[in-house]
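Take a look at the structure set out below.
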Amino acid sequence: MTPTAAPPSTGRRRPRRALAPYAFLAPFLIPFVLFTLVPVGYAFWQSLHKTERVGGTFGSTRPVFAGFEQYADVVREPFFADSVVRVGLFALVQIPVMLLFALALALLLDSAVARLKRFFRLVYFVPYGIPGVVAALMWAFLYDPRLSPVVDLFRSAGVQVDLLGSDAILFSIGNVVTWTYTGYNMLILYAALQAVPSDIGEAARVDGAGNWTIALRIKLPLIRPALVLTGVFSIIGTFQLFTEPQVFRSISTSVTSTYTPNLAAYSLASGDNYSEAAALSVLLAAVTFLLSFAFLHFTSRRQG
């Protein structure tokens, strides 16, 4: 009787299988660590230090550990609370309006009566493809009282409006942001609607449900995760508001160098206050994280 061959050793295969998931994640993890975690870690380290001059006026400088002194200085600044509250109010109005428009467009494209879906999907998404600076400059031209045809139309109707004034500038910025990102969020919601089984809608129509009932009672609950995702993205993007205020600052005195937290951090860094700018950036990241987490927690409780 011939002896049976022993099964091949799997000792070498197991480590390879254990490393396989990390190999697939490496294209994401490596840039994430290099361009997100490392800069955030360096910003946190820099926020705990301040620059001290050694050897008199013409001496050299060195970083000195200061603990959370920079954070206390930033929080005590008058612009900190003003900019955070301003962006918070901006988010409370702009995010729901933008997501409502995005949802309406997505439901419209997903409806059975819609025509030329590919064309309109591209048209709605085009504003997101325009660079933020270009979009802000374009809208700045439409807001400028000296050049704007929109303001001329208001004047011809007997309405005096200053879209770059202190009372309207935040709404003007919100209009630019909504115009830019509605198509992006619409695409996410439309993709989620495409994943909804068509049998569900057909069964509802057989039971006598109309288009509004199907959209509100069936489609909306099924795409809830996509709505939550767009909400989180919008919160993160709103607290990073920078491009539009920076462009409008050159044409309107209503936008100051500390109009938003991100703009204030940029202004501090431009004035060589790197430690305070790092502290403000870390605080902004923490506030954004807490608000995003609170939003996810609230929506998960409502869903449960």
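Treating the beta-carbon of each Lys and Arg as +1 and of each Asp and Glu as -1, no other charges, what is the dipole magnitude of the chain about its Cα centre, to the nearest 20 debye?
Dipole of the chain, to the nearest 20 debye: 1400 debye.
A simple rule links phi to the HN-Hα coupling: the Karplus curve 6.51 cos²θ - 1.76 cosθ + 1.60 with θ = phi - 60°, which for the range 181-187 gives 9, 4, x, 4, 5, 4, 5 Hz, with x for Gly and Pro. Summing +1 for each Lys or Arg and -1 for each Asp or Glu among the other residues whose beta-carbon sits under 9 angstrom from that of residue 276 gives -1.
Dividing the convex hull volume of the alpha carbon atoms of the range 202-275 by its residue count gives 126 Å³ per residue.
Placing unit charges on the Cβ atoms of the charged side chains and taking the dipole of the chain about its Cα centre, the candidate lying farthest along the positive direction among 233, 170, 256 is 233. Accessible surface ranking for 179, 212, 139, 1.4 angstrom probe, highest first: 212, 179, 139.
With the whole protein complex present, residue 251 retains an accessible surface near 70 Å², based on a 1.4 Å probe.
Of the residues 94, 160, 240, the one that moves most in a GNM of the chain with alpha-carbon contacts below 10 Å is 160. In the chain, helices alone account for a calculated mean residue ellipticity at 222 nm of -22000 deg cm²/dmol, with every DSSP H run of four or more residues adding -39,500 (n - 2.57). Using equal-weight Cα scatterers in the Debye expression, the normalised intensity of the chain in log10 at q = 0.08, 0.09 Å⁻¹ is -0.55, -0.66. A 1.4 Å probe, protein heavy atoms only, puts the accessible area of residue 69 near 80 Å². Positive contributions from Lys and Arg (+1) and negative ones from Asp and Glu (-1), summed over other residues with Cβ under 12 Å from the Cβ of residue 140, come out at 0. The order of 292, 281 by accessible area, most exposed first and with a 1.4 Å probe, is 281, 292. Here the accessible area of the range 195-237 is 64 percent carbon and sulfur, with a 1.4 angstrom probe and all protein chains present. When the range 71-200 is described by a simple charge dipole with +1 on each Lys and Arg Cβ and -1 on each Asp and Glu Cβ, the residue from 161, 189, 93 located farthest towards its positive end is 189.
Listed peptides 128-135, 103-110, 226-233 appear in the order 103-110, 226-233, 128-135 once ranked by packing, highest mean of other Cβ atoms within 10 Å at the front.
Solvent exposure of the chain, expressed per residue, is 63 Å² of accessible area, with all protein chains present and a 1.4 angstrom probe.
In the range 125-218, what trypsin sites (Lys or Arg not before Pro) fall in a loop by DSSP, with at most 13 other Cβ atoms inside 10 Å?
146
Taking amide H atoms as placed 1.01 Å from N in the peptide plane, the amide H of residue 49 lies under 5 Å from those of 66, each 5 or more residues away in sequence or on another chain. For the set 172, 166, the ranking by accessible area, highest first and with no ligand, DNA or RNA atoms included, is 166, 172 under a 1.4 Å probe. Counting only protein heavy atoms and using a 1.4 Å probe, the accessible area of residue 79 comes to about 30 Å². A simple charge model with +1 on the Cβ of Lys and Arg, -1 on the Cβ of Asp and Glu and nothing else charged puts the dipole of the range 151-304 at about 480 debye relative to its Cα centre. Reducing the range 98-159 and the range 229-300 to their Cα centroids gives an inter-centroid distance of 24 Å.
The values are calculated or read from the model by the stated rules, or taken from the named source; none is laboratory data. Fair warning: this is a prediction, and the values are worked out from it, not measured in the lab. Note that we place each Cβ from the backbone using ideal geometry, even for glycine, and neighbour counts take in every protein chain shown. Ligands, DNA and RNA are stripped out before the accessible areas are found, and what is left, the full protein with its side chains, is counted by its heavy atoms. Shrake-Rupley method; radii C 1.70, N 1.55, O 1.52, S 1.80 Å.
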